[in-house]
Amino acid sequence: MDVAIVGVGLHPFGRFGDTTAIEMGAVAIRKALADAGVEWKDIEFAFAGSYEVDNPDAVVALMGLTGIPFTDVYNGCATAASALTLAANTIRLGESRLGIAVGMDKHPPGAFGADPRLYACPEWYGDVGQFVTTKFFGMKINKYMHDHGISERTLARAAAKNYRNGSLNENAFRRKPLSEDEILGSPYLNYPLTQYMFCSPDEGAAAVILCPAEDAHKYTSTPIYLRATTVRTRRLGAFEVHHPWLPIEETVGPTVDASRAAYEMAGIGPDDVDVIQLQDTDAGAEIIHLAENGFCADGDQEQLYADGATEIDGPLPVNTDGGLIANGEPVGASGLRQIHEIVLQLRGQAGDRQVPGDPRVGYTQLYGAPGTAGVSILTR
Amino acid sequence: MATVPVAEGVFTFPSDDPQLIGSRCADCGMVTFPAQGSCPRCGSTGMEEHLLARRGSLWAWTTQSFPPPPPYAGPAGKDFVPFGVGYVVLGDEVKVEARLTEHDPEKLAHGMEVELVLVPFRTDDDGNEVVTFAFRPAAPGPHAAHQRGRQ
Ligand SMILES: [Zn+2]
């Protein structure tokens with residue numbers, strides 16, 4: 001059974017003082033309900049994703065205690081992709097006809113700290129200072145640049161593009177354009193990545209309402225169809241975050257596996273995609289993910305970014321809402337923000353950042369610790 | 001004041017020629033670091049202790065230019081000293097992630113030869129000097145011919 005998205009809602013991403021994650025989740029849900037023209041009592045089931053909130057289903061205290069099956073999901077940076085996949089599969093089971101996936105988070109500032117033993121790493125790995133996600137991203141892009149001839153200027157181009165797109169997005173955290181030279185001139189955090197090439201943890205929420213495709217026109221004249229949602233984890237030999245060692249044998253990362261599976265499920269190829277959302281935890285990740293999702297060959301990015309191919313009006317528009325670099329990463333909500341943007345783009349409702357040419361196919365990809373990826377393909 | 005390792009079972013200690021302590025799968029030959037009780041390739045629980053080579057080549061690297069968040073236990077604030085981090089291919093058996101003694105990007109290169117050393121890391125609550133393992137640039141061996149230049 002095909003699944004349609006008939007409502008999307010977003011609480012802006014950024015810093016919001018005393019507002020709780022649950023309150024932001026409720027705002028996103030109300031916006032999605034209004035977008036679909038339904039009420040909370042019409043929702044038959046829900047999935048909620050969060051890192052900081054143990055029980056995001058507590059949002060029912062603000063929405064209404066209707067007794068629906070409401071399942072909480074946490075799956076690292078792929079939390080929202082998992083919530084969306086589970087919600088879509090629930091529709092496909094045929095027993096429920098209107099459901100919601102919501103993500104919400106409110107992170108303290110700074111890099112994430114955690115107990116390495118919870119990631120199957122030894123305790124000393126954290127003690128000596130190696131249990132740091134950002135240094136993985138530094139190593140991965142540094143090697144990628146060495147192997148495929150990508151320059152630091154291209155990293156800056158990717159980041160500057162996302163700040164520029166964020167300046168067109170009223171919901172973004174970072175709305176000030178930054179020049180390539182300002183980005184290159186900020187201090188290295190993990191060589192070759194500078195401070196302004198990284199996203200920051202922040203706060204926000206997003207929600208998506210789904211139904212069977214055959215019901216979609218009851219709610220909207222512009223349904224967006226979810227053609228594929230996939231989640232994959234790393235295989236032995238992939239170069240992934242939080243690994244004190246790697247085997248000699250090498251294989252592709254979970255993004256490649258999730259991407260190939262999604263294209264096969266959708267019967268759609270990368271050439272058909274009109275608007276793209278990629279996990280840009282850092283500028284290097286966006287560049288690598290462009291190839292990992294089949295949009296170019298390794299190394300082509302050097303020319304593509306120089307030519308402006310990934311700009312809103314280019315042939316490969318990437319992170320039209322500013323991506324993680326401009327929006328930050330409230331982990332539970334980040335992937336549903338990607339879906340929100342693609343839905344607006346495919347409906348032609350993205351305002352100043354609308355991709356020209358009547359886009360019909362959208363693509364989203366999430367990636368995070370300890371080596372989990374999620375991909376979605378959406379069409380009009 | 002004594003010198004103590006950051007954890008037991010990570011490297012041979014004390015030793016004039018310290019080696020990392022890994023494990024090897026008796027069924028499929030998979031080598032892991034640190035030692036673990038089962039094999040991530042074949043699932044066997046027949047893992048045996050296996051000492052790793054002391055020299056290898058740098059496969060991937062970056063720098064850590066800011067003090068990591070907890071549970072990092074080393075010098076922080078004004079006492080923090082940036083360090084390098086990389087994966088080192090050891091004996092064509094395994095890639096080990098480790099601190100690098102060098103953190104100047106101009107002095108690090110993919111494929112460069114490195115060797116294991118123990119380095120002072122912090123002082124513990126009892127006043128002991130805690131040492132951990134790191135790799136430092138090594139003089140190229142007679143058969144080493146690595147690209148040292150970066151693009
Ligand atoms: Zn084995």
Inset, instruction - Using the structure shown, decide if A:Ile22 is in a helix (DSSP H, G or I), open to solvent by less than 20 Å² (accessible area, probe 1.4 Å), more than 21 Å from A:Leu366 (Cα to Cα) and touching a residue at least 40 places away in the same chain (Cβ under 8 Å). - result: no
Inset, instruction - Output yes when any residue across the range A:34-52 is farther than 16 Å from A:Ala87 by Cβ, at pLDDT below 95 and open to solvent by 30 Å² or more (accessible area, probe 1.4 Å), and no when none is. - result: yes
Legend entry - Residue, nearest to A:Pro244 (Cα to Cα), within the range B:47-77, restricted to residues that are in contact (Cβ under 8 Å) with a residue 24 or more places away in the chain, surrounded by fewer than 19 Cβ atoms within 10 Å (Cβ to Cβ) and within 11 Å of chain A (Cβ to nearest Cβ): B:Ala73
Legend entry - Filtered residues of the range B:1-10 (kept if touching an Asp or Glu at 6+ places or on another chain (Cβ under 9 Å) and either away from chain A (no Cβ under 14 Å) or without any contact (Cβ under 8 Å) to a residue 24 or more places away in the chain (or both)): B:Met1, B:Ala2, B:Thr3, B:Ala7
Legend entry - Pairs with Cβ under 6 Å, 6+ apart, first in the range A:234-250 and more than 9 Å from every other protein chain (Cβ to nearest Cβ), second open to solvent by 10 Å² or more (accessible area, probe 1.4 Å) and of a type in the set (Lys, Arg): A:Glu240/A:Arg234
Legend entry - Of all residues in the range B:11-28 being without any contact (Cβ under 8 Å) to a residue 40 or more places away in the chain and away from the ligand (no atom under 16 Å from the Cβ), the one that is surrounded by the fewest Cβ atoms within 10 Å (Cβ to Cβ): B:Asp16
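Answer with yes or no whether A:Phe131 is within 28 Å of A:Ala306 (Cα to Cα) and open to solvent by 10 Å² or more (accessible area, probe 1.4 Å).
Values: within 28 Å of A:Ala306 (Cα to Cα): no; open to solvent by 10 Å² or more (accessible area, probe 1.4 Å): yes.
Against the criterion (within 28 Å of A:Ala306 (Cα to Cα) and open to solvent by 10 Å² or more (accessible area, probe 1.4 Å)), A:Phe131 does not qualify.
Within the range A:335-349, count every residue that is over 17 Å from A:Val273 (Cα atoms) and either surrounded by fewer than 24 Cβ atoms within 10 Å (Cβ to Cβ) or of a type in the set (Lys, Arg) (or both).
Step one: of the range A:335-349, the residues over 17 Å from A:Val273 (Cα atoms) are A:335-337, A:349.
From the residues that got through so far, the ones that are either surrounded by fewer than 24 Cβ atoms within 10 Å (Cβ to Cβ) or of a type in the set (Lys, Arg) (or both) too are A:337, A:349.
Summing the residues that are over 17 Å from A:Val273 (Cα atoms) and either surrounded by fewer than 24 Cβ atoms within 10 Å (Cβ to Cβ) or of a type in the set (Lys, Arg) (or both) in the range A:335-349 gives 2.
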Legend entry - Criterion violated by B:Val31 - all others in (1) out of contact with any Gly (no Cβ under 9 Å at 6 or more places or on another chain); (2) in contact (Cβ under 8 Å) with a residue 40 or more places away in the chain; (3) within 16 Å of the ligand (Cβ to nearest atom) satisfied: (1)
Legend entry - Residue among A:Val318, A:Val331 that is among the aliphatic types (A, V, I, L, M), crowded, with 19+ Cβ neighbours inside 10 Å and closer than 16 Å to A:Ala206 by Cβ: A:Val331
Inset, instruction - Filter the helices (runs of 4 or more DSSP H) completely within the range A:121-199 down to those with at least 3 residues that are closer than 29 Å to B:Pro71 by Cα. - result: A:123-127, A:133-148
Inset, instruction - Determine, yes or no, whether B:Ala53 is part of a loop (DSSP other than H, G, I, E, B), among the aliphatic types (A, V, I, L, M) and within 16 Å of the ligand (Cβ to nearest atom). - result: no
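The values are calculated or read from the model by the stated rules, or taken from the named source; none is laboratory data. If you're wondering where the values come from, they're calculated on a predicted model, not measured in any experiment. FYI the Cβ positions are ideal-geometry reconstructions off the backbone, even for glycines, and counts take in every protein chain you see. Each accessible area value is taken on the protein alone, full model and side chains, heavy atoms only, with ligands, DNA and RNA left out. Shrake-Rupley method; radii C 1.70, N 1.55, O 1.52, S 1.80 Å.
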